[in-house]
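Written out below as structure tokens is the structure these notes cover.
The values are calculated or read from the model by the stated rules, or taken from the named source; none is laboratory data. Remember, predicted model here, so these are calculated numbers, not experimental data. Methodologically, a virtual Cβ is constructed for each residue, glycine included, from the backbone with ideal geometry; neighbour enumeration extends over all protein chains shown.
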Amino acid sequence: EGFWKYWQRFTAGTFLILVGVSLTLVYRRERERRGPGERIFPKFFWRGLKIFGLGMIITVVVTAAGVGYVDFGILHLIGASTILAYPLLRFKWLNFALWVVLSAIGKAIEGMHFDGRWTPIVIGSTMTILFIDGRWLAPFGITPTYYPAVDYFPLIPWFGVVLLGVWFGNWFYAGNQRLIPLPDWGDMLPIRGLRFLGRHSLVIYLVHQPLILLVLMLLGIVSL
């Protein structure tokens, strides 16, 4: 809460904007390399599916540790966004408009909860009573009243932040040139270190969560 809540949103929002910019640049590079007639969607689909699958591994680990929920964390969001954003990667202002819409919807449903209910399902002449768990709506920004999520970034509104990055990428890198010329500092030692971290950010993210859980178990805070 307080400062840390807004700090988390700021850092996550910045990262997701960079995800959108990256998707835009990869799309352009692949389109130029392969030509307009070749399909490049499979590259985005399998990449997104891989990242989403890694998110599911985090879900299983956190659930087994009993420390909370990760039904739709940052990896789930990036994986889904990589696939869902594909048809929008060539647009500019449409993505900006969708960011505004998703942000408005996210604000409207903020604090909205669904705790699940029993629903009759009729199949032929047979009626079954099915319980619809409120957690199924978590990817869309609606959660149960009690929802101890340790990593939660639903599509609404966070997919809109990725689309904001797509808009920024198409605007700032129009014509494959930066809108504002910047000095090339890529060979400086501190920048090389940042580039290394950026190229391996997914691995770093995957490793740090099990390490945190291990430390918590060693301290006796959680147990499997």
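Going through A97, A64 one at a time, which residue ends up being over 19 Å from F168 (Cβ atoms) and either in contact with a Lys or Arg (Cβ under 7 Å, 6 or more places away or on another chain) or not charged (D, E, K, R) (or both)?
Values: A97 fails: over 19 Å from F168 (Cβ atoms).
Exactly one residue qualifies, and that residue is A64.
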Quiz item: Restricting the search to segment 79-137, which residues are modelled with pLDDT under 90 and surrounded by 12 or more Cβ atoms within 10 Å (Cβ to Cβ)?
Solution: H113, F114, D115, G116, I132, D133, G134, R135, W136, L137
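Of the residues V215, V166, V161, V150, which is at pLDDT 65 or above, outside the structural domain of P87 (by TED's automatic domain parsing) and either crowded, with 18+ Cβ neighbours inside 10 Å or of a type in the set (V, I, T) (or both)?
V215
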Practice problem: For segment 34-51, indicate whether the set of residues that are under 22 Å from L137 (Cβ atoms), assigned by TED's automatic domain parsing to the domain that holds V150 and part of a loop (DSSP other than H, G, I, E, B) is non-empty. | Solution: no
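Any residue at all in segment 83-104 that is over 24 Å from E30 (Cα atoms), in the same structural domain as G20 (by TED's automatic domain parsing) and over 18 Å from the mean Cα position of the chain (by Cα)?
Taking segment 83-104 as the starting set, the residues that turn out to be over 24 Å from E30 (Cα atoms) are 97-104.
Filter once more, keeping what is in the same structural domain as G20 (by TED's automatic domain parsing): 97-104.
Filter again for over 18 Å from the mean Cα position of the chain (by Cα), leaving 97, 104.
Looking for residues that are over 24 Å from E30 (Cα atoms), in the same structural domain as G20 (by TED's automatic domain parsing) and over 18 Å from the mean Cα position of the chain (by Cα), one finds at least one in segment 83-104, hence yes.
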Self-check item: Residue ID - modelled with the lowest pLDDT, chosen from residues in segment 1-46 that are more than 17 Å from V166 (Cα to Cα) and basic (K, R)
Solution: K5
Practice problem: Select, from F10, F15, the only residue that is assigned to a helix (DSSP H, G or I) and surrounded by 14 or more Cβ atoms within 10 Å (Cβ to Cβ). | Solution: F15
